[in-house]
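The values are calculated or read from the model by the stated rules, or taken from the named source; none is laboratory data. Only a predicted model underlies this, so the values are computations on that prediction, with no experimental measurement involved. Neighbour counts are summed over all protein chains in view; Cβ atoms, including those assigned to glycine, are modelled from backbone coordinates with ideal geometry.
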Amino acid sequence: MEERARLFVQKHGRKPGLGVLLVGDDAASHVYVNNKMRAAEGAGFYSRTDRLAASSSTDDVLCAVDALNDDPNIDGFIVQLPLPSQVNTQAVLLRIDVKKDADGLHPTNLGAVLMGQGGVQPCTPRGCMRLLAETGIALRGKKAVVIGRSHIVGRPIAAMLLDADATVTLCHSRTQDLATEVAMADVVIAAVGRPGLVRGEWLKPGAIVIDVGINRVGDKLCGDVDFESASQRASFITPVPGGVGPMTIAMLLQNTLELGESKAP
Ligand code: GUN
């Protein structure tokens, strides 16, 4: 990424620029945003973080989005979620310039991804697909079980797995007999936010397991998969922390750089 950022500077006479809008004082969001900005600066990006109070209105947030839309030094930016409950998240995501949507959460980008027609891929799903590619195992015809139906992870990754010709089952909190669904899967992607939900005993031996969950239990972070038991059965498994999280940040930088490169010089 550093090398691509250097080439960008040579070509454009400025660093690639990543912006983040952070509203309120959600402790986890502050940690995520600090990690993202540290990574951006370490990779040779210009970074801009705008912070708004937890009491901000939808209009306040829309104004802050406009400022990032209009900043010529920003190639891509994200609005860290969740937003405080009084803010209309959908209206905010709609306001993001589609060409600066580094998170791929604008409905136009998300719609294109769901339709298999390009669009900026959301960072976590893109990171999961990258991790799957690194295993060297072809997804065509494989059975993938995705647990979690969020707009940010579950739904887009299900679409991306379908595009890779996997047979996809999208499970969620109302799925009956999750263990039976998981037992048939060659690939399991857990993204529900329930610590240790997926047990090693459920897994088909040799399954590939990607754990998107980040749950705080006491003073420790753990995933949606019980790593101890699952690592005995899986052929590949991502740890929490240190698995999908860093990959999501890497994909955020990649999306930002690609948005900058696709702009007219
Ligand atoms: N909150 C938790 N993860 C994410 C993410 O990847 N993007 C945004 N915008 N908010 C998040």
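Assorted remarks:
- In the condition set (1) more than 23 Å from Val120 (Cβ to Cβ); (2) buried (at least 18 other Cβ atoms within 10 Å of the Cβ); (3) within 12 Å of the ligand (Cβ to nearest atom), Leu52 is compliant with all but (3).
- Taking segment 70-155 as the region of interest, the helices (runs of 4 or more DSSP H) fully inside it that hold 3 or more residues being within 10 Å of the ligand (Cβ to nearest atom) and either charged (D, E, K, R) or surrounded by 19 or more Cβ atoms within 10 Å (Cβ to Cβ) (or both) are 123-134.
- Test: residue in segment 180-192 that is touching an Asp or Glu at 6+ places or on another chain (Cβ under 6 Å), closer than 20 Å to Pro82 by Cα and within 16 Å of the ligand (Cβ to nearest atom): yes
- Of the strands (runs of 3 or more DSSP E) lying entirely inside segment 169-265, not one carries at least 2 residues that are closer than 26 Å to Arg4 by Cα.
- Close Cβ contacts (under 6 Å, 6 or more residues apart or on different chains) running from residues in segment 241-263 that are more than 25 Å from Arg216 (Cβ to Cβ) to residues that are away from the ligand (no atom under 16 Å from the Cβ) and assigned to a helix (DSSP H, G or I) comprise Leu257/Arg4.
- Looking across segment 33-49 at every residue that is surrounded by fewer than 18 Cβ atoms within 10 Å (Cβ to Cβ) and under 18 Å from the mean Cα position of the chain (by Cα), the one that is nearest to Gly13 (Cα to Cα) is identified as Arg38.
- When Val31 is tested against (1) assigned to a helix (DSSP H, G or I); (2) within 23 Å of Val120 (Cβ to Cβ), exactly one condition is not met: (2).
- Residue satisfying all of: in segment 1-45; over 12 Å from Gln80 (Cα atoms) and among the aromatic types (Phe, Trp, Tyr); modelled with the highest pLDDT among these: Phe45
- Search result, residues across segment 157-205 that are without any contact (Cβ under 8 Å) to a residue 12 or more places away in the chain and surrounded by 18 or more Cβ atoms within 10 Å (Cβ to Cβ): none
- Boolean, Ala27 is free of Cβ contacts under 8 Å to residues at least 24 places away in the same chain and within 13 Å of the ligand (Cβ to nearest atom): yes
- Qualifying position, being among the small types (Gly, Ala, Ser) and touching a helix residue (DSSP H, G or I) at 6+ places or on another chain (Cβ under 7 Å), among Ser235, Ser229, Ser262: Ser229
- Residue in segment 143-161 that is under 18 Å from Val225 (Cβ atoms), hydrophobic (A, V, I, L, M, F, W, C) and more than 19 Å from the chain's Cα centre (by Cα) present: no
- Selection over segment 30-48 of residues that are among the basic types (Lys, Arg) and either within 13 Å of the ligand (Cβ to nearest atom) or within 16 Å of Ala102 (Cα to Cα) (or both) gives a count of 2.
- Qualifying residue in segment 196-218 (condition: modelled with pLDDT under 95, closer than 27 Å to Gly76 by Cβ and out of contact with any Phe, Trp or Tyr (no Cβ under 6 Å at 6 or more places or on another chain)): yes
- Among the residues of segment 59-67, not a single one is outside any loop (DSSP other than H, G, I, E, B), crowded, with 20+ Cβ neighbours inside 10 Å and within 11 Å of the ligand (Cβ to nearest atom).
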